[in-house]
Amino acid sequence: MDSTFIYDRYVTGKDFIGRKQDCVILGNLLSQGENVALWEPPKTGKMSLIQQTLFNMRMGGQRFVVGEMTLLNIRSIEEFVERFGSTVIRTFATTPHEYRDISSRLLSDTHLVFDQARHSDYDEVLSASWELDEGDIKAVLTLPFRLAQEKGQRIYLILDEFQNIMRTEDGEKVLKIFEQVLREQENPQCSFIFSGSMINAMKEIFAVKRFFHRQVEHFPLRTVDGKVIVEHIVRGFLSGGKVVDRELLDGACVLFRNNLCYMNHFAAICDYMSKGYITEPVLVDSLSKLISIHEPRFKATVNDMTTFQLGLLSAILDGYTRFSSAEVINKYGLNSSANVRRIKDALMKKEVISFDEKDEPHFEDPLFEYWAERYFFEKKKK
């Protein structure tokens, strides 16, 4: 049974709202052969935008194939190379015979092979027969370009949780080879979509260390208009014969910073707990239940923090944006300005906060921010 409010997977079609213009812009970039990078916190709509854009492009008459892989559990270069190559081959082929043909023709000079036994036992397409070298990595990274040209088809490759390439033993080596591969292509029929849910780690790759400079276009997601979200939630309730006060939903949008996943999850709980008119007590109780679902994750986050890090979080919640003054250091026990820099770096690595171009801090998760303020630090309502 389909839910009225979807929060557990990406959405397309009638359930996709609020980012139609983003679809147009992203579609134009991809159609022009650009490589694109998106980095936003988890459950903010990255994959929904990508999939809806590709759907719109197909509906517009464009022909292409799509490969998709995740780096979520990648921890070694060998794992990355094997999965990358396997994803590309599976995009163009469907049978063991075809897998063997492609690997033997296009990867014959590498230590990567199609192993029938491993394919039967583990569903693997490519396996490393020896320790991989730079030539092996380059050969696999050029594989989508060579296959696209051979088959006469454009390919879009989605690399999800791309920041985890830096969790391998030498991620920078892979990135340098990747840069070289992109630089050497003439009239490429392959474009990459780099997606990541760890903002600071993705920024480290693309903005700080400047890998893929002028080779990849950063595509920031715009915030969905609160009015659009409220209208979506109201229509969802009406489809089940229920009514809700729009002003109450406006307040929820502010709390969740227009995060569609949280809004849909919140609405689904309200829907389950109500009949007919959805009252304010129902919404308050639903918020409490939503927090209880996520609270173990929030507790794990703060339990992993030092006293200094918690002090900086408290300062941010109190509205401070400059933390090196004597007043802030003394009030929140931050020790010294040098220590403040270390604390900021640590919280960024934990992906709790990020800093904008004005060096002002922002919580990446709006519900965690609310929980930290009201439940952990027990600060009074502003």
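Points worth noting:
- Label-to-label distance, nm, for residues given as residue 169 and residue 225 (7 Å Cα→Cβ offset): 5.3 nm
- Protection proxy ranking, peptides 219-227, 359-367, average beta carbon neighbours within 10 Å, highest first: 359-367, 219-227
- Spin-label model, residue 186/residue 120: points 7 Å from Cα along the beta carbon direction are separated by 4.5 nm.
- Partners for residue 242 among lysines (Cα-Cα distance below 22 Å; same-chain residues under 8 apart left out): 14, 227, 275, 289
- Between helix 96-106 and the chain there is an angle of about 70 degrees, using the helix long axis and the longest principal axis of the Cα atoms.
- Set of aspartates and glutamates near residue 379 by C-alpha distance (under 19 Å), chain-local residues within fewer than 8 positions excluded: 295, 318, 365, 369
- Antiparallel bridges, percent of DSSP beta bridges restricted to the chain (to nearest 5): 20 percent
- Kirkwood hydrodynamic radius over Cα pairs of the stretch 226-297, then Stokes diffusion coefficient at 20 °C and 1.002 mPa s, in µm²/s: 178 µm²/s
- Each Lys or Arg adds one and each Asp or Glu subtracts one; over the other residues with Cβ under 15 Å from the Cβ of residue 116, this totals -4.
- Net charge of neighbours whose Cβ lies under 13 Å from the Cβ of residue 16, counting Lys and Arg as +1 and Asp and Glu as -1: +3
- What the Cα atoms of the chain give is an Rg and a Dmax of 23.7, 70 Å.
- Sequence-distant lysines (8 or more away, or on other chains) whose Cα lies within less than 28 Å of residue 173: 46, 138, 203, 209, 344, 349, 350
- Across all Cα pairs in the stretch 245-382, the calculated P(r) in 10 Å bins from zero up to the longest distance comes to 11, 38, 30, 16, 5, 1 percent per bin.
- Extension gain for residue 331-residue 254 works out to 24.8 nm (0.36 nm per residue, less the C-alpha to C-alpha distance).
- Helix 280-303 vs. the chain, principal-axis angle (Cα, 0 to 90°, nearest 10): 60 degrees
- Compactness ratio for the stretch 146-266: Cα radius of gyration over 2.2 N^0.38 Å (N = residue count) comes to 1.52.
- Mean projected area (nm²) of the alpha-carbon convex hull when the stretch 304-376 is viewed from all directions: 4.6 nm²
A short reminder: the numbers here are calculations on the coordinates, not readings from a lab. These numbers were taken from a predicted model, which means no experiment stands behind them. Heads up, the Cβs are rebuilt from the backbone with ideal geometry, glycines too, and the neighbour counts pull from every protein chain shown.
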